[in-house]
Structure formats: structure tokens, C-alpha cells
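Okay, so here's the structure we're looking at.
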Amino acid sequence: REVFEAARQRGLKLGSVNPTYFLSGFHRGSLISPEEKTRQRAIEQTQIAGRIAAELGQGVLSLWFPDGSLYPGQVELRHAYERMRDGLVESLRDVPPTVTVLLEYKLFEPGTYSTVIPDWGTAFLLARHVGRQAGVLVDLGHHPHGTNIEQIVAVLRSEGLPGGFHFNTRYAADDDQAVEPNPELARIFYELLLEEGSGIFPENWTFMLDQASSRENRIEAILHSIDSLQTALARACLVNRKILHQFQRQDDIIAATRFFNQALLQADVRPVLYQARSSRDLPLDPVMAYKASGYQTRIEARRV
């Protein structure tokens, strides 16, 4: 509540609530632990986070469980999944219905042999078990390289489940870098837009940043990420779906992809972004404006 009040005084609101399951005694997993006492502690941890999300946050509870195994034979995979499923159902039974629960999946880490929620399909199944308020959290860093994430988004939207994103950039096996304005992001936004050029998304989708590199200025990195996301969104808004659908009906494959990429790859959307920002009295380049403000120097001097 102290954090909530400190944020409110500065015109800020708390966002999604992300409980940690890296706790002392959780070395054999949280909800998959064979120890009843440990599982009950993980359930209580989740329930507390749900109440915080309802009372102090924006009504979004995002869950990632590091449960898994290092070697074949270490755990019974089926039993681990069943404990996770049953534990989630019990954990979220009393979470207020106003809270959206997003289940994050991760290909590996910290378990390198198995992860109990390794992919979006498993998260999807678990969300179905939990109920209508649960959905899938897509983390851009947690897929095998080359995964068609926009296809995942299309399926989730078609099924009507709540969804969300952890936006970040991954070049290797981790995902701590700031967001880069790449074509994949623009294609994802294209799948999310409710209608052509609207910039409006489904109400049951939530967007978050997931980045924490110690090698960069954190505030500048977040500003850069927002700038990158706005660039990708602007490009997605430029696609004329009527013309694109005409090429699709004609089965004109090359014409369709060239027309699609004309917006998502080649369009210079900086004039649109600059106009949107200037109309709100915002700086055209947020990163350079932050540097020029001197704020970083002031807080560093004050916090030594």
C-alpha cells in the first residue's frame, strides 16, 4: 500500500502483479513439489498476489513458474503437470473475478530437461482449466528461434481467450534487451488490431515490458522500447486490408506479400509519430529529450 500511495502521488498506477516462486524451500518446485507444505505455500503466494492485483493494481495477475527438471527421470512428467493444473485451479478459485490471470510459458530455464509450462499450448490448456478469467501470456523471448508468434496470436484471438505480451528482444537464449522496432512486431500488431488503421486492441489483451539488462540505462531503455512499439504499431495501421484481401482472393502470393511488407517493412512512419507526440506536447525523440532533461544526473547525485 505504501508503494501504491507513493505512485499515486506521482500520477502513476501499479501495473501487473508478478509473484515470485523463487523462494527458500522451493528447490523441488512450487506447485509441482511433492511436499504438501510447499505446494500450500505456493498456493497462498498466488492468492495474496491476486488480492494485490485486485485492490492495488490494474487487475492483471501474470504467473510464471520455474518448475521443471534438470535430467530425465528426475520427476514424473505427467504427475508434475497434474500437480500444476490442480494447484492452479485451487490457487485461483478465490481470486476476484475482476482479475485477469495470464499464464506465461517458457521453453526452458531453470530446468534444462523439462519445464512444466513449456509452450503456449500447455498454457492454453491450463487457462481452460482455470476458467474464463485466465489466458496466455506471450513472452517474445521464450520461443525457439523462428517461431511464428503472429500465428499464435491469431489462434488466441480466434478462441477469445484473454492474452498478453511481455515485449522484449532476444538474440540468444535470454530476453532482457530493450524492444527493437522489427517486422515481427509489426506483424503481431497487425493480428491484434480490431479493425484497419484503428490502433485499437481487444479489451482482454494486456501489454507489458519484460527487460532488465544491467548494462544499459533502464529509463532510456524503457523509453526506447515504447518508441519501438509505437513505430511497429504505426506500420501495422498502414496496411490497407481491402487491397490485401483482394490479392489474397486472387491467390496472387507475391503481390500480397509485397503489398503487406510495403507497410510493415518499408514505410517511414516518423512523421505520423511526430505529429501524434507534438499534438500531446510530448517530445519528438523521447530518449534524447530525457538525456537533455538532466534528470538522470540529478537522481544519481541524490541517491549516492
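The values are calculated or read from the model by the stated rules, or taken from the named source; none is laboratory data. All values derive from a computational prediction rather than experimental measurement. Using ideal geometry, Cβ is built from the backbone for each residue, glycine included, and neighbour counts are taken over all protein chains shown. Accessible surface is based on the protein model in full, side chains and every heavy atom, while ligands, DNA and RNA are left aside. Shrake-Rupley method; radii C 1.70, N 1.55, O 1.52, S 1.80 Å.
Some points to look at:
- Matching residues, the range 1-40, being of a type outside the set (Ser, Thr, Tyr) and within 16 Å of residue 95 (Cα to Cα): 17, 18, 19, 40
- Verdict on residue 43 being closer than 17 Å to residue 129 by Cβ, of a type in the set (Val, Ile, Thr) and part of a helix (DSSP H, G or I): yes
- Hey, residue 173 loosely packed, with under 14 Cβ neighbours inside 10 Å, farther than 26 Å from residue 14 by Cβ and at pLDDT below 95 or not: yes
- Out of 57, 87, 111, sole residue that is under 21 Å from residue 174 (Cα atoms), outside any strand (DSSP E or B) and not aliphatic (A, V, I, L, M): 111
- Of residues in the range 60-77 being open to solvent by less than 10 Å² (accessible area, probe 1.4 Å) and within 21 Å of residue 136 (Cβ to Cβ), the one farthest from the chain's Cα centre (by Cα): 67
- Apart from one condition, residue 145 fits all of (1) touching a residue at least 24 places away in the same chain (Cβ under 8 Å); (2) open to solvent by 10 Å² or more (accessible area, probe 1.4 Å); the exception is (1).
- Qualifying residue in the range 120-129 (condition: part of a loop (DSSP other than H, G, I, E, B) and either touching a helix residue (DSSP H, G or I) at 6+ places or on another chain (Cβ under 9 Å) or over 22 Å from residue 40 (Cα atoms) (or both)): no
- For the range 240-278, a residue qualifies if it is of a type in the set (A, V, I, L, M), open to solvent by 60 Å² or more (accessible area, probe 1.4 Å) and closer than 18 Å to residue 224 by Cα, and exactly one does: 272.
- Identity of the residue in the range 17-59, among the charged types (D, E, K, R) and touching a Leu at 6+ places or on another chain (Cβ under 8 Å), that ends up surrounded by the fewest Cβ atoms within 10 Å (Cβ to Cβ): 41
- Residues in the range 189-223 that are among the β-branched types (Val, Ile, Thr), in contact (Cβ under 8 Å) with a residue 40 or more places away in the chain and under 27 Å from residue 100 (Cα atoms) were compared, and the one that is most open to solvent (accessible area, probe 1.4 Å) is 222.
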